[in-house]
1. For the stretch 54-100, what is Rg from Cα atoms divided by 2.2 N^0.38 Å, rounded to two decimals?
2. Cα axis of helix 74-87 to longest principal axis of the chain: angle in degrees, 0 to 90, nearest 10?
3. Could you state, as a whole-number percent, how many of the C-alpha pairs of the stretch 1-52 are farther apart than 15 Å?
4. Please find, in a Gaussian network model of the chain (springs between Cα atoms separated by less than 10 Å), the residue of Asp91, Asp14, Asp39 whose mean-square fluctuation is greatest.
5. So what is the diffusion coefficient of the stretch 16-78 in µm² per second by Stokes-Einstein at 20 °C and 1.002 mPa s, using a Kirkwood Rh over Cα pairs?
6. Where does the charge balance sit around Ile54 when Lys and Arg score +1, Asp and Glu -1, over other residues with C-beta under 14 Å from its C-beta?
7. Using only C-alpha positions, report the orientation-averaged shadow area of the convex hull of the stretch 1-111, nm², one decimal.
8. With a cut-off of 8 Å between alpha carbons and a minimum separation of six or more residues, what is the relative contact order of the stretch 115-229 in percent?
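The values are calculated or read from the model by the stated rules, or taken from the named source; none is laboratory data. These numbers come from a predicted model, not from an experiment. Every residue, glycine as well, gets a Cβ built from its backbone with ideal geometry; the counts of neighbours run over all protein chains shown. For the accessible areas, the whole protein counts, side chains as well, though only heavy atoms, and no ligand, DNA or RNA atoms are used. Shrake-Rupley method; radii C 1.70, N 1.55, O 1.52, S 1.80 Å.
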Amino acid sequence: MRYTFRKGSAEAVDIRETYGVYVESATGLIGKPQLKTVDAFDWKYLHGTTPDLINRRYGDKEITLSCWMKAVSKQQLVERLDAFMRYFDHDDLLLMKVTWETDNDNGGLLPNPHAAKGLFAIVWLKSCDIKPFKWHKGTNIVKFTMTFHDPYPVKRVYRYGGAEGEGVEYDIVSDTEIDIFTEDGSAVYDIKTGSGHIDVVLNRYIIVCGDVSHAEDSNGGSDIITPTNHIDTVTEIYNEI
């Protein structure tokens with residue numbers, strides 16, 4: 001698997017190619033995060049409680065990467081690790097993309113329904129735990145665990161394709177705020193009822209975050225993201241939660 005991060009409109013950084021950081025395992029990339037505390041009514045004349053399950057909401061998604069890095073000397077290892085950690089000293093959220101290096105053989109089916117499309121998260125680095133290690137002559141290796149928080153556990157991901165590249169339109173009616181991010185670094189925040197245009201490069205992704213399953217377009221349909229030019233396409237890739 002390949003892990004890339006992007007700061008705004010800057011180029012995406014592959015942590016293996018740029019910093020020599022390998023991810024040997026990860027948790028939290030898929031599955032549901034913990035629910036926030038559920039309100040419950042404690043009636044004195046009833047046994048137990050009555051939980052308010054209609055208004056359940058999820059907390060931040062926590063993603064943990066178990067990583068390692070090698071170097072030919074102690075000094076190089078310290079410098080490489082320090083440079084890598086400085087990358088995450090950023091005053092805004094980062095776009096994290098996880099892709100597969102192979103598409104898993106599907107027996108020659110074309111088109112391949114299992115081709116890798118990637119997973120996306122909008123994250124900030126909460127902590128980095130460097131594990132104890134010993135210095136050895138020759139190759140030096142350090143292992144560490146990185147914990148990220150994604151404050152958008154509910155999202156829908158679209159892919160923008162076609163030929164014209166004129167961008168997309170959003171048309172949203174929602175009871176709660178919706179935020180939209182693009183793989184290019186554009187963002188629109190706090191949409192409850194509104195429409196507008198977003199510039200997106202062809203073959204890039206759009207991540208719509210918030211209570212997307214209950215959002216509608218102004219006609220009461222589900223076409224909240226549409227291409228500006230009818231020659232282009234907007235394809236829903238996946239829903240998270």
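1. Cα Rg divided by the expected 2.2 N^0.38 Å: 1.73.
2. Its long axis makes an angle of about 10 degrees.
3. Of all Cα-Cα distances in the stretch 1-52, 69 percent exceed 15 Å.
4. Among Asp91, Asp14, Asp39, the largest GNM mean-square fluctuation belongs to Asp39.
5. D = 133 µm²/s.
6. Net of charged neighbours comes to -1.
7. Mean projected area for the stretch 1-111: 13.9 nm², to one decimal.
8. 28 percent
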